[in-house]
1. With the condition kept exactly as written, say whether any residue in segment 198-211 is over 15 Å from the mean Cα position of the chain (by Cα) and over 26 Å from Lys164 (Cβ atoms).
2. For segment 397-501, which helices (runs of 4 or more DSSP H) that fit wholly inside it have 3 or more residues that are in contact (Cβ under 8 Å) with a residue 60 or more places away in the chain and of a type in the set (Phe, Trp, Tyr)?
3. Suppose the filter is out of contact with any strand residue (DSSP E or B) (no Cβ under 7 Å at 6 or more places or on another chain), closer than 13 Å to Phe65 by Cα and among the charged types (D, E, K, R); does Lys99 pass it?
4. Determine, yes or no, whether Tyr377 is hydroxyl-bearing (Ser, Thr, Tyr), surrounded by 24 or more Cβ atoms within 10 Å (Cβ to Cβ) and part of a helix (DSSP H, G or I).
5. Hey, can you tell me all the residues within segment 255-267 that are buried (at least 18 other Cβ atoms within 10 Å of the Cβ) and in contact with a Lys or Arg (Cβ under 9 Å, 6 or more places away or on another chain)?
6. Tell me yes or no: at least one residue of segment 296-304 is part of a helix (DSSP H, G or I), crowded, with 21+ Cβ neighbours inside 10 Å and among the hydrophobic types (A, V, I, L, M, F, W, C).
7. Of all residues in segment 380-396, how many are surrounded by 21 or more Cβ atoms within 10 Å (Cβ to Cβ) and not small (Gly, Ala, Ser)?
8. Looking at segment 447-458, which of its residues are farther than 18 Å from Ala414 by Cβ and surrounded by fewer than 16 Cβ atoms within 10 Å (Cβ to Cβ)?
Amino acid sequence: MTLCTMKSVLQKILASAVIGGISLSLQAQLKTKFFFEQGERLMRAGKYEAAIASYTESLKLKENFIVYNSRGMAYERLGKYEEALADYNRALINYEQEKAKRKLQTDYEPIYYFNAANANFGLKRYKEAIKHYNSFISVASAQRDIEGLKKAYINRGICLEAAKDFEAAKQNYSKLISLTPNYALAYVRRGFIYSIEGDYDAAMQDFDKAIALDPREKMAYYYRAELKSNAKGPKEALPDYDAYLKLDPNDISALQARAAILMNLEQYKEAIRDYNKILSLQPKAVHTLLARAKAHRADKNYEAAIADFTAVLAQQPKHAQAMLERAALYRVTGKLNEALADLNKVLEVHTANAYAYDLRGRTLRAMGKLEEALKDYNKAISLDTTQADFFNNRGYLYNQMQKYSEAIKDFNRAIQLDPNFAYAYSNRAFARYHLGQTAKAREDALHSIALDAENAYAYYTLGLILLKEGNKQEALQALEKAHQLKPNEPQFSAALQEAKK
């Protein structure tokens with residue numbers, strides 16, 4: 001949370017102050033004023049280092065509390081809080097010296113308290129910061145400076161939050177609300193404390209109140225979105241993230257949060273748009289490239305996903321996860337040599353990565369290198385005996401090698417690990433069919449279909465079983481279904497044509 005500053009009060013000081021002084025020659029006064037005003041312009045432009053240089057030139061000619069204060073603020077913008085605090089202290093000393101010499105129209109002390117508090121906050125000296133905010137609030141209360149009080153109460157509350165004194169922070173914001181009941185930001189900050197404490201209803205009431213008072217109070221939408229996501233589910237948070245991002249379209253954390261929700265809702269193209277926006281702001285963000293790659297993969301745009309994984313590897317050539325993910329996509333898109341090259345690189349370094357061995361086994365099987373594939377499957381299982389997929393994949397290879405008894409043992413293990421593994425049942429059905437166990441094979445095929453009505457392999461095997469049993473009509477229906485689900489699978493087309501004869 002960004003702390004408030006006291007620009008408006010400083011402008012009043014500048015309007016009534018003289019930069020330079022009666023002890024300087026006119027030429028020196030003009031130089032002093034020139035460097036100071038140049039520093040102010042550079043501050044407004046965000047060129048803080050250059051501003052500091054200009055203020056320093058002004059101070060070389062004549063010490064002045066306003067210039068010290070401005071240089072302190074420039075240091076603060078750069079995160080140089082020790083230097084900032086030193087300048088605020090110099091400003092106070094100079095102010096006291098000038099006040100002793102002549103009557104000053106403006107009181108600098110409240111500004112010192114406020115700025116010194118901010119600098120101490122930056123240094124994580126929370127007790128000192130709170131002491132200075134208290135001093136400022138005491139003066140501002142006497143002067144009935146409502147705008148100053150708002151800023152000081154907010155900053156003191158944030159300081160108390162940072163110090164983990166949430167009860168004191170909540171009381172601080174409640175006091176501010178009693179003073180200014182229409183100040184939306186006070187409700188936002190108190191709502192944030194309620195949310196930390198797990199008081200969902202109180203937090204929601206405060207966020208709702210803040211938005212009712214000021215529909216442009218963006219953090220109310222952000223915190224309310226987080227609250228809804230945790231309490232009601234991500235989908236409920238989406239409208240608030242939308243509202244927040246209309247007010248702050250370049251906020252990366254909000255874009256990431258919304259993209260994650262859209263992924264959860266399987267709205268992949270919309271998620272990709274958010275990732276595109278993030279990457280326009282941070283073109284080399286590896287985390288976002290990985291997230292977008294996964295979104296492209298979920299959207300079945302495999303080439304785009306491969307491109308994103310490749311972009312990650314261009315920055316981090318040893319990023320094992322990106323290489324594994326790219327290898328999997330290379331295999332899916334038929335680029336088996338590229339997949340194998342990636343997997344070999346991964347396994348050169350990560351010699352105990354069971355998933356990499358399993359994936360290389362699948363790649364080698366697709367290349368027709370069955371014995372090499374078997375070695376990799378064996379290695380994967382030796383490293384991790386808890387993965388149903390590993391046993392299913394090795395069983396599938398045994399089916400291909402016509403080692404049906406060994407295949408059934410693996411499918412049994414896969415089903416033991418995952419009783420709802422539809423493909424393990426259809427694969428076991430295929431093995432049992434070839435061993436002449438047609439009743440058990442039919443039972444497995446039907447159970448697989450009950451678990452996954454889109455499993456083409458279960459319908460294919462069921463069709464073979466029904467043909468063997470002489471039930472041609474039902475066999476044709478099953479084979480038609482298999483072909484319908486996977487029209488480009490050659491063995492399905494061939495079996496269907498043979499059954500039609």
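The values are calculated or read from the model by the stated rules, or taken from the named source; none is laboratory data. Quantities reported herein were computed from a predicted structural model and do not represent experimental measurements. Because the Cβ atoms are built from the backbone with ideal geometry, glycine has one as well, and the counts that use them run over all protein chains shown.
1. Within segment 198-211, one or more residues are over 15 Å from the mean Cα position of the chain (by Cα) and over 26 Å from Lys164 (Cβ atoms).
2. Here the list is empty.
3. Judged against the criteria, Lys99 is a match.
4. Taking the combined requirement at face value, the residue satisfies it.
5. Leu255, Ala259, Ile261, Leu262, Met263, listed by residue number.
6. no
7. Summing the residues that are surrounded by 21 or more Cβ atoms within 10 Å (Cβ to Cβ) and not small (Gly, Ala, Ser) in segment 380-396 gives 7.
8. If the condition is that a residue be farther than 18 Å from Ala414 by Cβ and surrounded by fewer than 16 Cβ atoms within 10 Å (Cβ to Cβ), then Ala453, Glu454 are the ones that fit.
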